[in-house]
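Peer 1: Here it is, the structure in full.
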Amino acid sequence: MDLWSRASKLAHPFVEGEGEGRRARKMREIYLRDAENWVAEDGGVVVGLLGLLGSEIGGLFVLPEAQGRGIGRVLVEHAVALYGEVRLDVFEANAKARGFYERMGFEERGRRADDDSGHPLVVMVRPQRPAT
């Protein structure tokens, strides 16, 4: 929960109450329970969290001090290895994450409003690559 809270506050400063309160309760009581969760560790410390809902990346979070070390890339590649084509929603205002996903081969497929905050989301898909 600490990793999610810290990473979310950094990535989504435009979302009121991000990383705490009602949003934290939903993360703890709903999202973490419903997702297939994978973690990345460094020296026994969890530095990354990937939550999958089938082939949908429900959340990807990396500790702020561990970002830029390839942890997110490894977790996304794990999701791709498991499911082939994967999709996700990312806040439009989170330019850093959108750029990361574009570099990972994700393509925009639509837009919608976030159910909780009303902020615009970009729907992205990383198509399955043919076997070589």
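Peer 1: For the stretch 42-66: of the residues being surrounded by fewer than 17 Cβ atoms within 10 Å (Cβ to Cβ) and either under 15 Å from the mean Cα position of the chain (by Cα) or touching a residue at least 40 places away in the same chain (Cβ under 8 Å) (or both), which is nearest to residue 101 (Cα to Cα)?
Peer 2: First, pick out the residues of the stretch 42-66 that are surrounded by fewer than 17 Cβ atoms within 10 Å (Cβ to Cβ): 42-46, 53-54, 56, 64-65.
With the extra rule that they be either under 15 Å from the mean Cα position of the chain (by Cα) or touching a residue at least 40 places away in the same chain (Cβ under 8 Å) (or both), the set shrinks to 46, 53-54, 56, 64.
On the way: 46: 22, 53: 18, 54: 18, 56: 13, 64: 17 Å.
Out of the qualifying residues, it is 56.
Peer 1: In this structure, is residue 35 small (Gly, Ala, Ser) and within 21 Å of residue 116 (Cβ to Cβ)? Walk me through how you get there before you give the answer.
Peer 2: Details: small (Gly, Ala, Ser): yes; within 21 Å of residue 116 (Cβ to Cβ): yes.
Yes: the conditions hold for residue 35.
Peer 1: How many residues are touching a Lys or Arg at 6+ places or on another chain (Cβ under 6 Å) and at positive phi if we restrict to the stretch 73-132?
Peer 2: Residues flagged as touching a Lys or Arg at 6+ places or on another chain (Cβ under 6 Å) and at positive phi within the stretch 73-132 amount to 1.
Peer 1: Taking the condition of a type outside the set (Phe, Trp, Tyr), more than 23 Å from residue 123 (Cβ to Cβ) and at pLDDT 95 or above, does residue 70 pass? Steps first, please.
Peer 2: Numbers: of a type outside the set (Phe, Trp, Tyr): yes; more than 23 Å from residue 123 (Cβ to Cβ): yes; at pLDDT 95 or above: yes.
Criteria met by residue 70.
Peer 1: Would you point out which residue out of 87, 111, 73, 98 is part of a helix (DSSP H, G or I), touching an Asp or Glu at 6+ places or on another chain (Cβ under 8 Å) and of a type in the set (Lys, Arg)? Give the steps one after another, and end with the answer.
Peer 2: Details: 87 fails: part of a helix (DSSP H, G or I); 111 fails: part of a helix (DSSP H, G or I); 73 fails: touching an Asp or Glu at 6+ places or on another chain (Cβ under 8 Å).
After ruling out the rest, the residue left standing is 98.
Peer 1: A follow-up question, please. I'd like the full set of residues that are within 15 Å of residue 8 (Cβ to Cβ), part of a strand (DSSP E or B) and not hydrophobic (A, V, I, L, M, F, W, C), limited to the stretch 28-70.
Peer 2: 48, 51, 58, 59
Peer 1: Also, I was wondering about something else. Scan the stretch 113-124 and tell me whether some residue there is within 25 Å of residue 1 (Cβ to Cβ), of a type outside the set (D, E, K, R), buried (at least 16 other Cβ atoms within 10 Å of the Cβ) and modelled with pLDDT of 95 or more.
Peer 2: Quick first cut of the stretch 113-124, residues within 25 Å of residue 1 (Cβ to Cβ) only: 114-119, 121.
Cutting the leftovers down to of a type outside the set (D, E, K, R) gives us 117-119, 121.
Now restrict to residues that are buried (at least 16 other Cβ atoms within 10 Å of the Cβ): 117, 121.
Subsequent filtering for residues that are modelled with pLDDT of 95 or more retains none.
Checked the stretch 113-124: no residue is within 25 Å of residue 1 (Cβ to Cβ), of a type outside the set (D, E, K, R), buried (at least 16 other Cβ atoms within 10 Å of the Cβ) and modelled with pLDDT of 95 or more.
The values are calculated or read from the model by the stated rules, or taken from the named source; none is laboratory data. The shown structure was predicted, so the numbers you read here are calculated from the model rather than taken from an experiment. No Cβ is skipped: glycine too gets one built from the backbone with ideal geometry, and neighbour counts run over all protein chains shown.
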